[in-house]
Structure formats: structure tokens, C-alpha cells
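Okay, so here's the structure we're looking at.
We did not get these values from a lab; they are worked out from the coordinates using the rules stated. All of these numbers come straight from a predicted model, not from anything done at the bench. So basically every Cβ, Gly included, is an ideal-geometry build from the backbone, and we count neighbours across all protein chains shown.
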Amino acid sequence: MQSQTSIRISTELLNALKEFKEKNESYEEVIWDFIEPHLELSEEAKKDIEVSLEEYKRGEFVTWEEIKENLGI
């Protein structure tokens, strides 16, 4: 189990967090949702992005329209 701590926040911030909180979601999950987009990408993620870009350049992808057609949507 990870260690835990408490932080002091204003009532205003707590009320703002409540606006984003889904039922059965912890405040930690809400905070991580805000923080994660700002964290630096891992080297593995950067490599995966490069591979994906190369695949796209080679035309190795399926369009949204093709997916809908294949699913009969």
C-alpha cells in the first residue's frame, strides 16, 4: 500500500473538485486526471508516437468512416 498524506485546500477548491468528481471516484483520481496531461512523456511513449507517425505516413491506418462501415454503423 502506498503511503498517504493530507493536504489543506480551500473550500472553494474543494467545491471545484466536487464538480469534476464522478460517483465512486476518489479525489486522488480527480487530481491525477488534471496532473497526468502535464507529466513528461516516457521514452517508451515517445517511441510509440514515432512508430505511429511512421505508420500513418505509410498509409497504414484505418479511417473512422472505414471503421463505421465495417461495423455497419
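Of all residues in region 30-65, which are surrounded by fewer than 10 Cβ atoms within 10 Å (Cβ to Cβ) and touching a helix residue (DSSP H, G or I) at 6+ places or on another chain (Cβ under 7 Å)?
Within region 30-65, no residue meets the criteria.
Look through E40, E28, E19, E36 and report the one residue that is within 19 Å of the chain's Cα centre (by Cα) and in a loop (DSSP other than H, G, I, E, B). Steps first, please.
Working: E28 fails: in a loop (DSSP other than H, G, I, E, B); E19 fails: in a loop (DSSP other than H, G, I, E, B); E36 fails: in a loop (DSSP other than H, G, I, E, B).
Every option except E40 fails the conditions.
Where the second residue is surrounded by 10 or more Cβ atoms within 10 Å (Cβ to Cβ) and the first is assigned to a helix (DSSP H, G or I) and lies in region 54-68, which pairs have Cβ atoms under 9 Å and are six or more apart or on separate chains?
Partner pairs satisfying both residue conditions: E55/F61.
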